[in-house]
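Undergrad: Structure incoming, see below.
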Amino acid sequence: MAETVAAVMDELAALEDPKARAVNEKHGDDHGVNLTKLRAVAKRLKTQQELAQQLWATGDTAARLLALLICRPKAFERDELDVMLREARTPKVQDWLVNYVVKKNPHAEELRVAWTADPDPVVASAGWALTTERVAKKPEGLDLSGLLDVIEAEMKDAPDRLQWAMNHCLAQIGIEHAEYRARAIEIGERLRVLEDYPTPPNCTSPFAPIWIAEMVRRQRAK
């Protein structure tokens, strides 16, 4: 017997934790479900594309996160994913949509190109996240020097989400491509983006020069 949306929504409501919600809301995420518990629900439900689409349609953040865990990433059309990204609203839903669904979808490259050029900074940040993935895994055909030009010109004044995504791309270019490393570090040092970001002990700073140096050090230590 397939679960109904109502039954799943009741289950998510029962998992709601006010403390978790308070923490999540600081990051712009309006839900209070512990993600480990959410993943356990997804594991039980397994892949159910139709249920995933119905959960997404509720507009509820926890339901949408669950939908992204039980959907079939390759089943979405390009325009569906475009609409979903624009509807996503919260950072966690946007991140999961890009990382768990779009990256595995046959339209990922087409969307990457379209989104990177989008005037909406949140949509553009998704395009940059897909670009960062390509920098690391499939750099063939990417104009890395051109990407560094754009980052150099636009990252300093970009809105938060877009700035974060561009900075990740900058670091990834420096980490993965030795011939561009010095330039990536130099851009990071000059723009000083995320230099003062509060970084917990045992975590690597997102400030690109430190991030690049640490990851390169780890690669060499292997």
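Undergrad: Given the condition at positive phi and open to solvent by less than 80 Å² (accessible area, probe 1.4 Å), answer yes or no: does some residue in region 188-201 qualify?
TA: Yes: one or more hits.
Undergrad: Looking only at region 82-109, how many residues end up being of a type in the set (Asp, Glu) and within 19 Å of Ala136 (Cβ to Cβ)?
TA: 2
Undergrad: Oh, and also: Please list, ordered by first then second residue, the pairs with beta carbon atoms under 6 Å, 6 or more apart or interchain, first in region 202-222 and without any contact (Cβ under 8 Å) to a residue 40 or more places away in the chain, second outside any helix (DSSP H, G or I).
TA: Ser205/Thr199; Phe207/Leu194; Phe207/Glu195; Glu214/Thr204
Undergrad: Specify which of the listed residues (Gly127, Gly141) is under 29 Å from Tyr180 (Cα atoms), free of Cβ contacts under 8 Å to residues at least 40 places away in the same chain and in a loop (DSSP other than H, G, I, E, B).
TA: None of the other options fit; the residue is Gly141.
Undergrad: Being touching a Lys or Arg at 6+ places or on another chain (Cβ under 6 Å), surrounded by 14 or more Cβ atoms within 10 Å (Cβ to Cβ), over 26 Å from Gln219 (Cβ atoms) and not hydrophobic (A, V, I, L, M, F, W, C), is that true of even one residue in region 125-145?
TA: Within region 125-145 (the criterion being touching a Lys or Arg at 6+ places or on another chain (Cβ under 6 Å), surrounded by 14 or more Cβ atoms within 10 Å (Cβ to Cβ), over 26 Å from Gln219 (Cβ atoms) and not hydrophobic (A, V, I, L, M, F, W, C)), the answer is yes, since at least one residue qualifies.
Undergrad: Find the residue count for region 196-217, including only residues that are of a type outside the set (Lys, Arg) and either over 21 Å from the mean Cα position of the chain (by Cα) or in a helix (DSSP H, G or I) (or both).
TA: So the answer is 12.
Undergrad: Go through region 169-186 and give me each residue that's surrounded by fewer than 21 Cβ atoms within 10 Å (Cβ to Cβ) and touching a residue at least 12 places away in the same chain (Cβ under 8 Å).
TA: Step one: list which residues in region 169-186 are surrounded by fewer than 21 Cβ atoms within 10 Å (Cβ to Cβ), which gives 176-183, 185-186.
The answer is Glu176, His177, Tyr180, Arg181, Arg183, Ile185.
Undergrad: Here's a follow-up. I'm trying to understand the selection: among the residues of region 144-165, which are of a type in the set (D, E, K, R), more than 12 Å from Gly188 (Cα to Cα) and not in a loop (DSSP other than H, G, I, E, B)? Write out each step before concluding.
TA: First, the residues of region 144-165 that are of a type in the set (D, E, K, R): 149, 152, 154, 156-157, 160-161.
Restricting the remaining residues to those that are more than 12 Å from Gly188 (Cα to Cα) gives 149, 154, 157, 160-161.
Answer for region 144-165, where residues must be of a type in the set (D, E, K, R), more than 12 Å from Gly188 (Cα to Cα) and not in a loop (DSSP other than H, G, I, E, B): Asp149, Glu154, Asp160, Arg161.
Undergrad: Next question. Glu25 - would you say it is open to solvent by 20 Å² or more (accessible area, probe 1.4 Å), at pLDDT 95 or above and acidic (Asp, Glu)?
TA: No; evaluated as a whole, the condition is false for this residue.
Undergrad: Continuing with the same structure: Mind checking which helices (runs of 4 or more DSSP H) fall wholly inside region 9-93 and carry at least 3 residues that are out of contact with any strand residue (DSSP E or B) (no Cβ under 7 Å at 6 or more places or on another chain) and among the polar types (S, T, N, Q)? Outline the logic, then answer.
TA: On the way: elements: 18-26, 35-45, 49-57, 61-70, 78-87.
Fully inside region 9-93 and qualifying: 49-57.
Undergrad: Looking at (1) of a type in the set (Gly, Ala, Ser); (2) in contact with a Phe, Trp or Tyr (Cβ under 7 Å, 6 or more places away or on another chain); (3) closer than 28 Å to Glu77 by Cβ, which is the only condition Ala117 fails?
TA: Ala117 satisfies all of (1) of a type in the set (Gly, Ala, Ser); (2) in contact with a Phe, Trp or Tyr (Cβ under 7 Å, 6 or more places away or on another chain); (3) closer than 28 Å to Glu77 by Cβ except (2).
Undergrad: Here is a follow-up. Can you tell me which residue is most open to solvent (accessible area, probe 1.4 Å) among those in region 48-102 that are farther than 17 Å from Leu12 by Cβ and among the acidic types (Asp, Glu)?
TA: In this case the residue turns out to be Glu50.
The values are calculated or read from the model by the stated rules, or taken from the named source; none is laboratory data. Quick caveat: nothing in here was measured; it's all calculated off a predicted structure. Don't worry about glycine lacking a Cβ; one is built from the backbone with ideal geometry, like all the others, and counts go over all protein chains shown. All accessible areas refer to the heavy atoms of the entire protein, side chains included, with ligands and DNA or RNA removed. Shrake-Rupley method; radii C 1.70, N 1.55, O 1.52, S 1.80 Å.
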